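Remarks on the structure that follows.
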Amino acid sequence: MKFEINLAIKNITGHSGRSIALILLAALLSGSVFGGSLIVKSLKNGLSSYEDRLGADIIVASEEALSDGKFESILLQGVPGYFYMDDSVIEIVKDIEGVEIVTPQFYLASASAGCCDTLVQIIGFDPEDDFTIQPWIRDCYGQTVNDGDVIVGCNINIPDSNRYRFYNVDCNVVAKLDKTGTGLDSAVYANMNTIKMMMENSEQIGFGYFDEVEPEHAVSSLMVKVKDGYSVTDVQRAINLKLTDAKAVSSKDMISGISEGLGTISGIIGLLVIVIWVFSFTILIVAFAMIVNERVKELAVLRISGASKKMISEILISESVLMSLIGGLSGNALAALVIFPFADSLKISLNLPVLLPGSLYITFLFLGTFVTSILVCGITSALCAYRITGKDTGLIFRDGA
Amino acid sequence: MKLIADKVGYQYFRKDKKLLFELQETSFEAKEGKITEIVGHSGSGKSTLLNICAGLLTPSSGKIIAGDTSLYDLSDEARSKFRNKNIGIIPQGQSVLKHLTVTENILLPVSMYGIEYSVELLDELIEKLGLKKLAGESAGGLSGGEMRRVAIARALVGKPEIILADEPTGDLDSDNRKLVLTSLKEIADAGAAVLMVTHDKEAEEYADEILRMDGGRLI
C-alpha cells in the first residue's frame, strides 16, 4: 500500500477520538442532505400520486364527510371510515351543464368482529363508468374485477389462502396495487355488486351504518369529470347550488391544502439542511485547522524525514477522504435506515402523502450526497494542507504554525 | 559527502514587517568523517543555520551545497527526496509520531519512499541505543531521552552521509548524553559529515571543529 494511505490509516486509528468526531461530522453532512432530499422527494411524489389517484375534477360528498376530515383521513392516512348520502345526487349532478361523467364510490369500514378477517377500508366502485380507480387497476391487473373479487392496496398482506372475508362475504384476492404513498394503499377495492352484498350483510348483522340512508340508495362520494371548455369552478358552484346535504369540492382545492403543507415542510427541511451544512462546514474548517495546528510537530517530523509538501498534502487529504468515506456511508445508511421503515409513520405524523422514489433515484441521491461530502471534506483539508505546507518547516520549528 | 554553506544569510521579519532577526552572510564546511560543532548562546542563529543546511528554511541569500548538489536549486520534491536519501536530521525536542511504534518511527524515512534497508543495521541501532525492549511499543509512552534515541536511530537507518543534530543532548541525563555523543562520534568515524548545534560544554570534547556564533554571525 502507498505510504501516504498507509500512514493516513494509522493516523486515523491512532487518534480515535479526533477521528470519530470528524467521521460524525461527515456523517451529519452527508446524511442530512440525503435524508432531507429523500423526504422532500417522497412528499412531492406522494402529492403527485395523490393527484393522480383522485383523478376527478370535482368530488361530491356529504358536508359532514368533507368538513370533519373523514374523507381526507381515508385518502391520506387510510383510517377506515364511512359516510353516505342518498344516490339521488347522482342524477342531480349528471343533469348539470358541463358535467361529462359522474361515477359513485362506496366506502365501508370492515369491522373488528367475527364477520371480517381484518380491519380495513373497503372501497366500492363501478367498473362500467369509473374513471379514477379503474385505470389504476387496469395497469396492475388488466382484467375485469368480477363479483366476489377484491384487489388490495400495497400495504395489505395477501393471506396464503388468497381469500378475505368481509361481512361474511368470501372474497378472492386477485391482485395487489402499486404503492401510492397515500391512505389508498391500506384499502381493499371491490366492484359494486360485491360491496352491495357487504353493505346488506352489515345491515343484517346489526351494524348501524345506514341509519340515515337506505342501504340500497347509499353512495359515499361522486367523482365528477368536467367537459372540456367548462370551468371547474363554475361547475362546482352550479353543483353546490343544487345540492343541500352534500357539497362539491374541486380536486385542486383539496390538493392545494396538501401542497401548501408540503411547501412548508419542504421549506423547513431545506432550511434545516442548509443550517446543518453551514454549521458542519464551518466546524470542519475550524476542526481541520485546529488539528493541523496541533499536528505541526508531527508534520515537521515527516518533513525532516524527507516528505515533500505534496506528500504531506496527500497524507492530510487521504485522511479526510477516508474519514468522510466512512462518515458519508454511515450517515447515508443511517438516514436510509430511519426513513425507509418509517415512511408510513412520517405520512401519519405529517398528514401528507409520502411515496418513496424509485431505487435508481435513491441510488443516485445516495451516491451524489456521499461524493459531495467527500469533496467538501477533501477541499477543506486541502485548504489546511495548502496553508501548512506554504510555510518553511524551519519556521514551524521556530514558531509553530 | 561534504556540506558547504556559502555566504548564507537569512532575515526573519515580524508580521508588521519589522526585522526580528538576521543571520548575516555565513560560510563554513562540514567535512566528511568529522564532527563540526556550532556553539553559541540561545538566539544566536544556530538552529536557523542548521534548518537552512537541512533544506528546511529557504535562505534570503547564499547557497547550501551537499556533495555536488545545490540544495535550494532543487524543487521541493527533489530536495525532499535528496534529504531523505542523504541527510539524517536529529531535531530539537521530542520528535516522534506518538501513535506509531518505536520501530515504525525509526523506519519512517525508508518506508516513505519504499527504500530497502538493512535489517542488521536496524537491529544494531535498536540494540546500541537501548531500544530493544521498546521496539514494539507505542512511541507515545516514551521518556524524553528514549524519544531522542528514537530520533537518532531514525536519522541513521537510511545510512545518510550527512547528519544534522540540533541540541541532541538537550534535557538528557549524563548517561543518555554520553550514549548520544558516542553514537554521533561513531557515525563520523564511519565517514559521515556530522554538523551539531549545541551549547553543551561536554559535547565540545567530541568535536573536530568548533564554530562559534553570536548575534547571527560566526565569530
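Determine, yes or no, whether A:L284 is away from every other protein chain (no Cβ under 13 Å) and either surrounded by fewer than 16 Cβ atoms within 10 Å (Cβ to Cβ) or not in a helix (DSSP H, G or I) (or both).
For A:L284, the condition - away from every other protein chain (no Cβ under 13 Å) and either surrounded by fewer than 16 Cβ atoms within 10 Å (Cβ to Cβ) or not in a helix (DSSP H, G or I) (or both) - is not met.
Among the residues of region B:147-178, which ones are under 16 Å from the mean Cα position of the chain (by Cα) and part of a helix (DSSP H, G or I)?
Across region B:147-178, the qualifying residues are B:M147, B:R148, B:R149, B:V150, B:A151, B:I152, B:A153, B:R154, B:A155, B:L156, B:R177.
(1) more than 8 Å from chain A (Cβ to nearest Cβ); (2) over 19 Å from the mean Cα position of the chain (by Cα): which one isn't true of B:I126, the others all being true?
(2)
Can you pull out the residues in region A:192-213 that are out of contact with any strand residue (DSSP E or B) (no Cβ under 6 Å at 6 or more places or on another chain) and under 30 Å from A:S345 (Cα atoms)?
A:Y209, the sole residue that qualifies.
Would you confirm whether any residue within region B:134-156 is surrounded by fewer than 19 Cβ atoms within 10 Å (Cβ to Cβ), of a type in the set (S, T, N, Q) and within 14 Å of another protein chain (Cβ to nearest Cβ)?
Scanning region B:134-156 turns up at least one residue that is surrounded by fewer than 19 Cβ atoms within 10 Å (Cβ to Cβ), of a type in the set (S, T, N, Q) and within 14 Å of another protein chain (Cβ to nearest Cβ).
Exactly one condition in (1) within 30 Å of B:A78 (Cα to Cα); (2) touching a residue at least 12 places away in the same chain (Cβ under 8 Å); (3) surrounded by fewer than 17 Cβ atoms within 10 Å (Cβ to Cβ) is false for B:M196; which is it?
Of (1) within 30 Å of B:A78 (Cα to Cα); (2) touching a residue at least 12 places away in the same chain (Cβ under 8 Å); (3) surrounded by fewer than 17 Cβ atoms within 10 Å (Cβ to Cβ), only one is false for B:M196: (3).
Only one of these is in contact with a His (Cβ under 8 Å, 6 or more places away or on another chain) and among the polar types (S, T, N, Q): B:S80, B:S60, B:S70, B:S42. Name it.
None of the others qualify; the one that does is B:S42.
For region A:89-158, give me every one of the strands (runs of 3 or more DSSP E) that falls completely inside it and has 2 or more residues that are assigned by TED's automatic domain parsing to the domain that holds A:G183 and at pLDDT below 90.
Numbers: elements: A:99-109, A:121-125, A:149-152.
The qualifying strands (runs of 3 or more DSSP E) are A:99-109, A:121-125.
Looking at A:V321, A:V301, A:V275, A:V286, which is the one that is in contact with a Pro (Cβ under 8 Å, 6 or more places away or on another chain), on the phi < 0 side of the Ramachandran plot and either at pLDDT 80 or above or among the basic types (K, R) (or both)?
A:V301
May I ask you to verify whether A:E214 is closer than 29 Å to A:V102 by Cα and either surrounded by fewer than 18 Cβ atoms within 10 Å (Cβ to Cβ) or touching a Pro at 6+ places or on another chain (Cβ under 9 Å) (or both)?
Answer is yes for this residue.
In the set A:G390, A:G378, which member is within 14 Å of chain B (Cβ to nearest Cβ) and surrounded by fewer than 23 Cβ atoms within 10 Å (Cβ to Cβ)?
On the way: A:G378 fails: within 14 Å of chain B (Cβ to nearest Cβ).
A:G390 is the lone residue from the list that is within 14 Å of chain B (Cβ to nearest Cβ) and surrounded by fewer than 23 Cβ atoms within 10 Å (Cβ to Cβ).
From the set of residues in region A:11-49 that are in contact (Cβ under 8 Å) with a residue 24 or more places away in the chain, surrounded by fewer than 21 Cβ atoms within 10 Å (Cβ to Cβ) and within 14 Å of chain B (Cβ to nearest Cβ), which is nearest to A:G328 (Cα to Cα)?
A:S19
Scanning region A:226-253 for residues that are surrounded by fewer than 17 Cβ atoms within 10 Å (Cβ to Cβ) and under 27 Å from A:A109 (Cα atoms), which turns out modelled with the highest pLDDT?
Of everything passing the filter in region A:226-253, A:V249 is modelled with the highest pLDDT.
Would you check which residues across region B:87-102 are surrounded by fewer than 21 Cβ atoms within 10 Å (Cβ to Cβ) and either more than 7 Å from every other protein chain (Cβ to nearest Cβ) or farther than 21 Å from A:N11 by Cβ (or both) and list them?
B:Q92, B:G93, B:Q94, B:K98, B:T101
Conditions tested, residue by residue: (1) more than 25 Å from B:Q94 (Cβ to Cβ); (2) of a type in the set (S, T, Y); (3) within 14 Å of another protein chain (Cβ to nearest Cβ); (4) part of a helix (DSSP H, G or I).
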residue: A:V292; (1), (2), (3), (4): no, no, no, yes
residue: A:L302; (1), (2), (3), (4): no, no, yes, yes
residue: A:I315; (1), (2), (3), (4): no, no, yes, yes
residue: A:M323; (1), (2), (3), (4): yes, no, no, yes
residue: A:G331; (1), (2), (3), (4): yes, no, no, yes
residue: A:A336; (1), (2), (3), (4): yes, no, no, yes
residue: A:L360; (1), (2), (3), (4): yes, no, no, yes
residue: A:F370; (1), (2), (3), (4): yes, no, no, yes
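Return yes or no: is B:L71 buried (at least 22 other Cβ atoms within 10 Å of the Cβ), under 26 Å from A:F3 (Cβ atoms) and either within 10 Å of another protein chain (Cβ to nearest Cβ) or under 18 Å from the mean Cα position of the chain (by Cα) (or both)?
Answer is yes for this residue.
Any idea which residue in region B:50-65 is nearest to the other protein chains (Cβ to nearest Cβ), counting only those that are surrounded by fewer than 24 Cβ atoms within 10 Å (Cβ to Cβ) and under 11 Å from B:L3 (Cβ atoms)?
Ranking the candidates gives B:I64 first.
Exactly one condition in (1) within 14 Å of chain B (Cβ to nearest Cβ); (2) under 30 Å from A:D344 (Cα atoms); (3) charged (D, E, K, R) is false for A:K70; which is it?
(1)
The values are calculated or read from the model by the stated rules, or taken from the named source; none is laboratory data. Everything numeric in this text was worked out from a predicted model, so none of it was measured. In this analysis, Cβ positions are derived from the backbone assuming ideal geometry, glycine residues included, and neighbour counts consider all displayed protein chains.
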